[in-house]
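Encoded as structure tokens, here's the structure I'll be asking about.
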Amino acid sequence: MPDARNGLILGIDPGLASTGFALLSEPNLVLACSTVVTRPGRDGERLVVITRHLRELLDANPPAEASLEELFMGRNATSAVAVAQARGAILAVLEERGVPVFEYKPSQVKVILTGYGNADKAQIARMLAAQVKMPEGRLDEHARDAIAIAICHARSRRFTRAAIR
């Protein structure tokens, strides 16, 4: 059961091969982040690995909300299908746990973090390092993307609250 009082935001960068997760405590502290890498094989087995990890995260630290990257339809339809499968499994788990989900386009995340909708991975990494208290150690791009998505939601949520007032 989500705990709205804790204000935790779970950011998720979905993918069948690699899914990034980040737990953000506002305003800019990353409590935990991880990347689940699945071995090539049957899609169902890979989805079970992802959803098992997600359930463990939700059990340990129930977030108030989750933020997820929207499906991006690039040139590679095969990878878009794999991402869609992962997103579907993730959304089902979040729904069964009652966690509200907010979705953002990749360009929205980039604008909120860097001010530029076409920022590259290096620009995003530099802005995250400058703006957020990151966990120790090296982070892969999926964990960084999950952090960026959580930050995007936290800032969007603050802006919405301020506009309502």
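Does Leu23 meet the test of being among the aliphatic types (A, V, I, L, M), modelled with pLDDT under 95, touching a strand residue (DSSP E or B) at 6+ places or on another chain (Cβ under 7 Å) and closer than 22 Å to Gly137 by Cα?
no
Can you name the number of the only condition in (1) surrounded by fewer than 19 Cβ atoms within 10 Å (Cβ to Cβ); (2) in contact with a strand residue (DSSP E or B) (Cβ under 7 Å, 6 or more places away or on another chain); (3) closer than 30 Å to Glu45 by Cβ that Ala86 fails?
(1)
Next question. Taking the stated definitions as given, is Phe72 out of contact with any Phe, Trp or Tyr (no Cβ under 9 Å at 6 or more places or on another chain), in a loop (DSSP other than H, G, I, E, B) and among the aromatic types (Phe, Trp, Tyr)?
yes
Can you name the residue in the range 112-146 that is of a type in the set (Lys, Arg) and within 23 Å of Leu71 (Cα to Cα) and, of all such residues, is farthest from the chain's Cα centre (by Cα)?
Of everything passing the filter in the range 112-146, Lys121 is farthest from the chain's Cα centre (by Cα).
Under the condition of being hydrophobic (A, V, I, L, M, F, W, C) and outside any helix (DSSP H, G or I), which residue from the range 90-141 is nearest to Asn28 (Cα to Cα)?
Val132
Still on this model: Taking the options Ala89, Ala84, Ala77, Ala66, name whichever one is more than 28 Å from Gln131 (Cα to Cα), of a type in the set (Gly, Ala, Ser), touching a helix residue (DSSP H, G or I) at 6+ places or on another chain (Cβ under 6 Å) and free of Cβ contacts under 8 Å to residues at least 60 places away in the same chain.
Residue meeting the stated conditions: Ala89.
Which one of these does Arg46 not meet: (1) assigned to a loop (DSSP other than H, G, I, E, B); (2) closer than 15 Å to Arg87 by Cβ?
(1)
Which ones in the range 16-33 are part of a strand (DSSP E or B), of a type in the set (A, V, I, L, M) and in contact with a helix residue (DSSP H, G or I) (Cβ under 9 Å, 6 or more places away or on another chain)?
Scanning the range 16-33 gives Ala22, Leu23, Leu24, Val30, Ala32.
Kindly check whether there is at least one residue in the range 139-159 that is free of Cβ contacts under 8 Å to residues at least 40 places away in the same chain and among the hydrophobic types (A, V, I, L, M, F, W, C).
yes
Here is a further query. Run Val36 past the list (1) exposed (fewer than 15 other Cβ atoms within 10 Å of the Cβ); (2) without any contact (Cβ under 8 Å) to a residue 60 or more places away in the chain; (3) not in a helix (DSSP H, G or I) and report the number of the one that doesn't hold.
It fails just one condition, (1).
The values are calculated or read from the model by the stated rules, or taken from the named source; none is laboratory data. None of these values were measured; they are calculated from a predicted model. Glycine gets a Cβ as well: all are built from the backbone with ideal geometry, and neighbour counts include every protein chain shown.
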